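A short write-up of the structure that comes next.
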Amino acid sequence: MSEKRATAIASPNIAFIKYWGDRDPALRLPANASLSMTLASLQTETTVIFDDRLESDQIEIDGSPVAEKAANRVKLHLNLIRTLSGDPAFASIRSESNFPTGAGIASSASAFAALSAAASAAAGLEIDDKQLSILARRGSGSAARSIFGGFVQLFSGELNEDGYAEQLAPADHWQLLDLIAVVRKEHKYTGSSEGHQLAPTSPIQDARVRDTARRQEICKTAILQKDFIALAQIVEQDSNLMHSVMMTSEPSLFYLEPESISIMKQVILWRKAGLDVCYTIDAGPNVHCICSADDSIEVERQLRSIDGILDVYRCAPGDGVVLATNNEQTPQ
Ligand code: DP6
C-alpha cells in the first residue's frame, strides 16, 4: 500500500486579451490566443494524495465537500493524470483559496493550475512547464496561463500539443496593479464553460477571433515597451469586444451590472484627466482596473468613493505555480 502526495500553490490571472469560445470544447483548445497578467496576493493551495486504499476520489474545497458538477470536472482531470502515470489509485484533494471563489475572479485558473501541478508531482510525472500548461488547459483554458508568472501569452493551437502558454515578461518587468472593484460577491451568472459554448452563436464572434492576432501584437508590444496608453486602448477594446459577443449570443449573456458600467465610464474620465488606468471585465460584473503603481493610490481612493463598490482587491504582477512540497512515497 502506498500514498503519494504533493502540494502546489497557484494564483489567478487577469486576461488583457481574452479567450472566449473553444475551437475544441473536449480538449478546451481556445478559439483565439490570449494574453494575461498573473496576480500576486490571491492564491489557491492544493494538496493531492494518491492513495490505493481509497475507493473513490475525495474532494474538499475551502473546507467543504464539493458539489457534484465541480467534483466531476476534477475527477475528469485526475483521470488524465492517472492515464499518463499508469497508476489507477484514487486521490484525496484538499484545496483552499484566500479569495472568494464566487467573486468572478478567475478562480478556475488558480484551481486547475494548482491541481495540475500537485497531481502530476504526486503521480511522479516528469513534465516541463510547457507540458504542465497543456495539462492545466485541459482543466480550464485560463489555467494554462497561471503556470507562469508575470505577463503570459497562451497560443490557441490546432492540436492539443500547440495549446500552451509561455511567459512574455517576468513579474518585475512592469509595476502595474490590478485593482479589482468588487460589485457582486455572489456567483449568480453563467459559468465560463457554458459561455464558451455560446460564443459561436454570436454573429460577431468570427470577426473578433479573426482580429485577435492584431490585438495580441499591439498588447504584446505595449507590455514590452511599457506603453500604458497603447495598453489601455487595446485592453478596453478587447474587453468590449468580448462583452459584445456575450450580449449578442443566443441566448444572450449580460455579465455587466449598472455599477460595472459606471466604473467603466469613470475609468475613461480618470484616464482623460491624466491617470494611468484602464478597465477590463471577465465573465462576471466585477471590474479589473489596471493601473500604474504610481497612480494606484489615487485610483483606489476614487474607486472607494463610488456607490455600490463592496471591496477593492490590490494585486501586483505575481509568480507562476510553485510546488510547496515534493512528492513523497510513504510505504504503509
Ligand atoms: C472571460 O478559463 O474560465 O476569463 O476553460 O471553461 O474554465 P474554462 O473557461 P475559463 O475562461 C476564461 C474566460 C475569461 C477570459 C480569459 O481569462 O481569457
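With Leu231, Leu269, Leu198 as the choices, which residue is surrounded by 21 or more Cβ atoms within 10 Å (Cβ to Cβ), not β-branched (Val, Ile, Thr) and not in a loop (DSSP other than H, G, I, E, B)?
Values: Leu269 fails: surrounded by 21 or more Cβ atoms within 10 Å (Cβ to Cβ); Leu198 fails: surrounded by 21 or more Cβ atoms within 10 Å (Cβ to Cβ).
Sole residue among the options that is surrounded by 21 or more Cβ atoms within 10 Å (Cβ to Cβ), not β-branched (Val, Ile, Thr) and not in a loop (DSSP other than H, G, I, E, B): Leu231.
Give just the number: which of (1) open to solvent by 10 Å² or more (accessible area, probe 1.4 Å); (2) assigned to a loop (DSSP other than H, G, I, E, B); (3) at negative phi does Arg138 not satisfy?
Arg138 satisfies every listed condition except (2).
Which of the residues spanning segment 122-135 are more than 22 Å from Ala31 (Cα to Cα) and either open to solvent by less than 30 Å² (accessible area, probe 1.4 Å) or touching a Ser or Thr at 6+ places or on another chain (Cβ under 7 Å) (or both)?
Listed by number, the residues that qualify are Ala122, Ala123, Gly124, Leu125, Ile127.
For segment 116-137: of the residues being of a type in the set (D, E, K, R) and over 13 Å from the mean Cα position of the chain (by Cα), which is modelled with the lowest pLDDT?
Let us first name the residues in segment 116-137 that are of a type in the set (D, E, K, R), namely 126, 128-130, 137.
In the following step, the residues that additionally are over 13 Å from the mean Cα position of the chain (by Cα) were identified as 126, 128-130.
On the way: Glu126: 94, Asp128: 97, Asp129: 98, Lys130: 98.
For segment 116-137, the residue satisfying everything is Glu126.
Within segment 113-131, track down each residue that is under 14 Å from Thr38 (Cβ atoms) and within 16 Å of the ligand (Cβ to nearest atom). Can you show your working first?
Taking segment 113-131 and keeping what is under 14 Å from Thr38 (Cβ atoms), we get 113-114, 117, 129.
The answer is Ala113, Ala114.
Looking at segment 296-309, I want the residues that are in contact (Cβ under 8 Å) with a residue 12 or more places away in the chain and have a partner that is among the hydroxyl-bearing types (Ser, Thr, Tyr) and open to solvent by 30 Å² or more (accessible area, probe 1.4 Å) with Cβ atoms under 7 Å, at least 6 apart or on another chain. Which pairs are those?
Final answer for the pair search is Ile306/Ser262.
When you check Asp211 against the structure, is it acidic (Asp, Glu), within 16 Å of the ligand (Cβ to nearest atom) and either more than 20 Å from Ala171 (Cα to Cα) or without any contact (Cβ under 8 Å) to a residue 12 or more places away in the chain (or both), yes or no?
Details: acidic (Asp, Glu): yes; within 16 Å of the ligand (Cβ to nearest atom): yes; either more than 20 Å from Ala171 (Cα to Cα) or without any contact (Cβ under 8 Å) to a residue 12 or more places away in the chain (or both): yes.
So Asp211 fits the description; yes.
Residues that are at pLDDT 95 or above, open to solvent by less than 10 Å² (accessible area, probe 1.4 Å) and among the aliphatic types (A, V, I, L, M): which strands (runs of 3 or more DSSP E) entirely in segment 1-115 hold 3 or more of them? I'd like the intermediate steps shown before the answer.
Working: elements: 2-10, 13-17, 22-24, 34-38, 44-51, 58-61, 91-97.
Ranges flagged: 2-10, 13-17.
If you go through segment 151-165 one residue at a time, do you hit one that is closer than 15 Å to Phe16 by Cα and open to solvent by 60 Å² or more (accessible area, probe 1.4 Å)?
Yes, segment 151-165 contains at least one residue that is closer than 15 Å to Phe16 by Cα and open to solvent by 60 Å² or more (accessible area, probe 1.4 Å).
The values are calculated or read from the model by the stated rules, or taken from the named source; none is laboratory data. For clarity, every value in this text was computed on a predicted model and none was experimentally measured. Note: ideal-geometry Cβ built from the backbone for every residue, glycine included; neighbour counts use all protein chains shown. Protein only, heavy atoms only, side chains kept; ligands, DNA and RNA dropped before computing areas. Shrake-Rupley method; radii C 1.70, N 1.55, O 1.52, S 1.80 Å.
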